Amino acid sequence: MSRGWRALYLAAFLFMLLSLFCGFLLPQTIRFVVDSVIGGRAPEGVPVISWLVSALGASGPSRMRENLMLAGALVVLVAALGGVCGFAHHRILSKSAEGVTRRLRERLYSHIQRLPYEWHVGVQTGDIVQRCTSDVEVVRGFVASQLTEIVRVVALVVFAYSILFPMNFTMALASFLFLPVILSFSLVFLKSAAARFLAADEAEGQLLAIAQENFTGVRVVRAFGRERFEADRFDRQNRLYSDLWMRLGELLSTYWGAGDMFTGLQMIALCLVGVLQASAGSLTVGEFIVFLTYNSMIIWPVRGLGRVLSEASKASVSLGRIGEIFDVLVESADSTEPVELPLRGDIEFDHVSFSYGGAPVLRDISFTVKEGTTLGILGSTGSGKTTVAHLLCRLYELRPGEGGIRIGGVDIRRFNRERLRRNIGIVLQEPFLYSRTIRENVASLSARYSLSRIKEAASISQVDTAIEAFAQGYDTIVGERGVTLSGGQKQRVAIARVILREPPIMIFDDSLSAVDTETDARIRAALALRRETARGVTTIIIAHRITSLSGADRIIVMDDGRLVEMGTPAELLASGGVYRRINDMQRGLVADEEDFDVLR
């Protein structure tokens, strides 16, 4: 909590205590009017009354007896002062709580942005969203009301019994004896409720994850006719979520029912003792009114302490879930060494080995991509092609003993990640598009690119004709994740996005897989022409299709994490190895089943 919000929060607590003090002063003021002003009894024995009498002067009660309007004005003044303090308390508390919550959201979102890529891969999006929204909202409720309510109840008990015991020990004891029972019952309830709240919270995260997967994967759901399956899957989780809340509701009902019983017994006991005390002449009418008023002021907040504590238990669960994210270490400390823009030099993989925690994905890979040239990477699914791109962008970090990657002779771990990634443009096989216009997607939501430059990039990626065929052209909304575009159109929009940035290193990770061979050839020709005019652009093309790599200066062939062949297209064809077999198979020159194994 920042210092400014902390000061506001403390101010809210101060006004809460002042409001509480006025709340206690009001019954004492009424008692003073009833017993001293109207009844003529000497106001003695209670510090608050003594303070009130000294403030009014010795003749104060008699003057009020002559003019009861003054007594009424005094009561109204105390009540009004309490109302003003209460208003200030709630207004300042609301402002400070929202400020604290906003700060928490900002810190949480910023922390998530800096978490390792592998963490994002292993966590469900729906669960992250639930922690950033529902859990944060629960914490906001705790900060805005439950925390101050707990403090208020404690202050109520302390203030009230510091006044009631000096007034009448027997009556105060009769009221006090039930409080430990009610409080103990609330604490037992809290322990049971916390576990059920956690289970319900986790079930809600699973429910959101299922809904998010279904909505984002609507094409697959419809294509495979899985609507009924997905509906049943959601229904099962929804029933589990509802059952958890119903069981929690049963626990709450038990608590409230038992709480009503204890509260009723406490009120009955207090009234019986009060009648006996009044019959014995040791309790005045004003004092009895004060006891009943204070008891109502105390018992219901204490009675509601179980609800507050249950909300506090829910908040503790939410804080724990949020804390789990904060406990995840962010990416290791980044270098502050500046990166020359644009980034120049050869790209070197020097005996690189890597695994995701299990079997090795890359095994002692070494190759060099000369600046301004094009490298093609060919290999079967799972051979490690995409891992090469991820390591170059530092989405994953090499551990000690796993080799090194250098650009221009400098280890990439010495570069600032953000600046390094700005110098590398990568197009994935399944590109992500924002639910915005095509123009905004190509420009990466930046307003600094003119429409003419956007159209030029779209022309190079061969998507300009398709865009102009839409009724709204470049202002067409593509829908969430680009759902309104075909796979090939999405890939070409993503290619245009990278081309517009003009990075010195471009990676195409099987990003032409959804494009026909003719369009593929036109895109590669346009990119080759652009490389001639923009000297020094290094390109890496990862593909399954031989034709997509035909214009590469050098090609490496990978299999099971190993580099098995390397050379120019002509050299690899002449060698008669894996590249030659894939080439012959894709051109329809062979059809042996053994040859199909190279594409597993």
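The values are calculated or read from the model by the stated rules, or taken from the named source; none is laboratory data. Note that the structure is a prediction, hence the values are computed from the model and not measured. For neighbour counting, all protein chains shown are included, and Cβ atoms are generated from backbone atoms with ideal geometry for every residue, glycine included.
Would you be able to say whether some residue in segment 438-447 is among the polar types (S, T, N, Q) and at pLDDT 90 or above? Write out each step before concluding.
So the first thing to find is which residues in segment 438-447 are among the polar types (S, T, N, Q), and the list is 441, 444, 446.
Among the residues that remain, those that are also at pLDDT 90 or above are: none.
The answer is no, given that none of the residues of segment 438-447 is among the polar types (S, T, N, Q) and at pLDDT 90 or above.
Selection over segment 98-147 of residues that are polar (S, T, N, Q), modelled with pLDDT of 80 or more and closer than 30 Å to TRP300 by Cα gives a count of 2.
When the residues of segment 450-471 are filtered to those that are surrounded by fewer than 17 Cβ atoms within 10 Å (Cβ to Cβ) and among the hydroxyl-bearing types (Ser, Thr, Tyr), which remaining residue is nearest to ASP520 (Cα to Cα)? Checked segment 450-471; the qualifying residue nearest to ASP520 (Cα to Cα) is SER459. The conditions are (1) at pLDDT 90 or above; (2) of a type outside the set (A, V, I, L, M); (3) surrounded by fewer than 16 Cβ atoms within 10 Å (Cβ to Cβ), and ARG406 fails exactly one of them. Which is it? Failing condition for ARG406: (3). Residues that are at pLDDT 75 or above and aliphatic (A, V, I, L, M) number at least 3 in the following helices (runs of 4 or more DSSP H) confined to segment 218-334: 227-279, 285-303, 305-327. For segment 359-370, check the following and say yes or no: at least one residue is within 27 Å of LEU529 (Cα to Cα), at pLDDT 85 or above, surrounded by fewer than 17 Cβ atoms within 10 Å (Cβ to Cβ) and not aromatic (Phe, Trp, Tyr). Yes. Among the residues making up segment 155-171, a single one is free of Cβ contacts under 8 Å to residues at least 40 places away in the same chain and of a type in the set (A, V, I, L, M): VAL158.
For (1) among the small types (Gly, Ala, Ser); (2) in contact with a strand residue (DSSP E or B) (Cβ under 7 Å, 6 or more places away or on another chain); (3) closer than 18 Å to LEU248 by Cβ; (4) surrounded by 16 or more Cβ atoms within 10 Å (Cβ to Cβ), each residue gets a yes or a no:
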position: MET171; (1), (2), (3), (4): no, no, no, yes
position: ALA174; (1), (2), (3), (4): yes, no, no, yes
position: LEU198; (1), (2), (3), (4): no, no, yes, yes
position: ILE210; (1), (2), (3), (4): no, no, no, yes
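Listed by first and then second residue, the pairs linking a residue in segment 266-295 that is in contact (Cβ under 8 Å) with a residue 12 or more places away in the chain to a residue that is outside any loop (DSSP other than H, G, I, E, B) and basic (Lys, Arg), with Cβ atoms under 6 Å apart and 6 or more places separating them unless they lie on different chains, are GLY286/ARG31; VAL290/ARG31.
Scanning segment 493-513 for residues that are under 34 Å from the mean Cα position of the chain (by Cα) and closer than 22 Å to GLY217 by Cβ gives VAL493, ALA494, ASP509, ASP510, SER511. Against the numbered list (1) touching a residue at least 12 places away in the same chain (Cβ under 8 Å); (2) assigned to a loop (DSSP other than H, G, I, E, B), GLY588 comes up short only at (1).
The one condition from (1) touching a helix residue (DSSP H, G or I) at 6+ places or on another chain (Cβ under 8 Å); (2) modelled with pLDDT under 85; (3) under 20 Å from ASP510 (Cβ atoms) that GLU480 does not meet is (3).
Kindly establish whether ARG222 is of a type outside the set (Val, Ile, Thr), surrounded by 13 or more Cβ atoms within 10 Å (Cβ to Cβ) and without any contact (Cβ under 8 Å) to a residue 40 or more places away in the chain. Taking the combined requirement at face value, the residue does not satisfy it.
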